[in-house]
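To keep things clear, I will list the structure first and then write my remarks on it.
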Amino acid sequence: MRGEDRLRVSVIGLGYIGLPTAAVIARSGCPVVGIDTSQTVVDTINRGEIHIEEADLDGLVHAVVQKGLLRAATAIEPADVFLIAVPTPFLAHEDRTPDLSYVLSAVESLAGALEPGNTVIVESTCPVGTTEKVRDAIAAARPDLKLPGLAEGTPDIAIAYCPERVLPGRILEELTHNDRSIGGVTPRCARKALTFYKRFVKGTCIATDARSAEMTKLVENAYRDTNIAFANELSMIADAQGLDVWEVIRLANRHPRVNILQPGPGVGGHCIAVDPWFIVHGAPEQSRLIRTAREVNDAKMHHVLAKARELVAAAPEGKTAFLGLSFKANIDDFRESPARFVVAKIAREFGDAIMVVEPHANELPPELADTGAALVDIDTALETCPKIVMLVDHDLFKAIPASELADKTVYDTRGIWS
Ligand code: SAJ
């Protein structure tokens, strides 16, 4: 590695994790080149602008680009540290096999640029064993290099897995202050990666092995999914028994050792709704609870769909407003969003009987475009619609007093007016 201040960093993948990570590393003083296959993304960042919505990210990217510490490109350049932050989706939605092709193609493109002394770090969420696969792919592409765990003596390249654990909406804060698990292919690799993270992480950095770090990331999201599934299952039980689930949870949470999460229209996003399946895929026989939690959260989405359909179908001449499309509050991320799923299904069936309010969208997603459903602002929806389905607890919606809805029929899946 180079001297402290001239450490060159390459961040591959400039999405929700890669771009903030690149900006935070650049802020620590390292020159960073961000690599992305999209020319539009590269051009946007090189103008000092951003293509995603995230608190305070625009100001930081603008500042580090202006200082010459962050630059974007479509082709890999030599660096001291290569950090991979590309997506790991499913191969096919039905069988939920993890698709490692983005990770492996990033590895393929950086392998040619590797020099002895370099460090390769995977941050993408991955099934257990992926970092070793990355090492093996580098070994196949670069037989001239000594790789950790494969060759005798000091390896030329350090390889580690270091998952991010930031919450969308709080990414910059959490990138800096959260603790990090840093898993090396060998202990030496972990130490090298740890020294790098210490430059910009204020939380505690804990060295471990790559497989444990890979599993830790999956476990964190499966834990949250399971807890949300408990709340969602309770909400369906409460519906069947005519109970107010919010009241029951509020009361149960007065117990000093009970902390039930909030029911909603299902679990969305690109992490919690996906990662538990990586565990199930790796150990199907042993993952009964984790699989069931996924199924419960998906079932909640269908439960909400059925109840929303009932509301719209009753007197369809009176319009229904659907509040929110994103996968959670106050963000512009619509990936794997249960709200979007529900609205799209209803729109296909009822078209112009529905209005959609989403303060974080300028237009409706493509599957809603020709259905007759209209994207309107909140005041138009409140003036026009006698029926309301609340799907996402954006601050804008939480600011509506329950008294303003007194003459409406409301299905509140988030309990904000409970
Ligand atoms: N949700 C509920 N009820 C709750 C909490 C959440 O229905 O009480 C829903 C949300 O509405 C959303 C989904 O769950 O649809 C996920 O939202 P989230 O805020 O729990 O998490 P994400 O997906 O934004 O971020 C998660 C975080 N993981 C954990 O908290 C364990 C984050 O720290 C990870 O970095 C991120 O996944 C990731 O990238 O893996």
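The GluC sites (Glu not before Pro) of the stretch 270-346 that meet both conditions, a loop assignment by DSSP and at most 14 other Cβ atoms within 10 Å of the site Cβ, are GLU285, GLU317. On full extension, the segment bounded by ASP395 and LYS345 gains 15.5 nm, given 0.36 nm per residue less the C-alpha separation.
With a Förster radius of 56 Å applied to the beta-carbon distance between ARG309 and GLU152, the computed FRET efficiency rounds to 0.30. Local charge for THR226 was computed over the other residues whose Cβ lies under 13 Å away, with Lys and Arg +1 and Asp and Glu -1, and equals -1.
Taking 12 Å as the straight-line reach from the Cα of LYS146, the aspartates and glutamates in range (excluding those fewer than 8 positions away in the same chain) are GLU115, ASP136, ASP156. The relative contact order of the chain, computed from alpha carbon pairs under 8 Å that lie at least 6 residues apart in sequence, is 10 percent.
Can you work out the FRET efficiency for the pair ASP239 and ALA113, with r the C-beta to C-beta distance and R0 = 45 Å, to the nearest 0.05? That gives a FRET efficiency of 0.20.
Calculated from the alpha-carbon coordinates, the stretch 220-412 shows an Rg and a Dmax of 17.2, 53 Å respectively. Applying both filters, DSSP loop and at most 13 other Cβ atoms within 10 Å, to the trypsin sites (Lys or Arg not before Pro) of the stretch 248-281 gives ARG254, ARG257. What a 1.4 Å probe finds exposed on the stretch 220-412 is 52% carbon and sulfur by accessible area, rounded to a whole percent. With a threshold of 22 Å on the Cα-Cα distance, the over-threshold entries among LYS133/LYS328; LYS307/LYS345; LYS192/LYS217; LYS202/LYS398 are LYS133/LYS328; LYS202/LYS398. Taking every C-alpha pair closer than 8 Å and separated by at least 6 residues, the mean separation divided by the residue count of the stretch 9-203 gives a relative contact order of 19 percent. The residues neighbouring ARG165, those whose beta-carbon lies less than 14 Å from its own, together hold a net charge of -4 under the Lys/Arg +1, Asp/Glu -1 convention. Neighbours of GLY13 by Cβ distance under 9 Å: Lys/Arg scored +1, Asp/Glu scored -1, total -2.
Summed over the residues of the chain and divided among them, the accessible surface reaches 44 Å² per residue at a probe radius of 1.4 Å. Which one, THR154, ALA240, ASN118, projects farthest toward the positive side of the charge dipole computed for the chain from Cβ point charges (K/R +1, D/E -1)? Highest projection toward the positive end goes to THR154. How many angstrom lie between the C-alpha centres of the stretch 94-143 and the stretch 173-219? Answer, in whole Å: 17. In the stretch 9-203, the portion of solvent-accessible area held by carbon and sulfur atoms comes to 52 percent [1.4 Å probe, whole percent, DNA, RNA and ligands not counted].
The values are calculated or read from the model by the stated rules, or taken from the named source; none is laboratory data. Since we're looking at a predicted model, the values are computed, not measured. Virtual Cβ from ideal backbone geometry, glycine too; neighbours counted across all protein chains shown. In case anyone asks, the SASA skips ligands and DNA or RNA and just uses the protein heavy atoms, side chains included. Shrake-Rupley method; radii C 1.70, N 1.55, O 1.52, S 1.80 Å.
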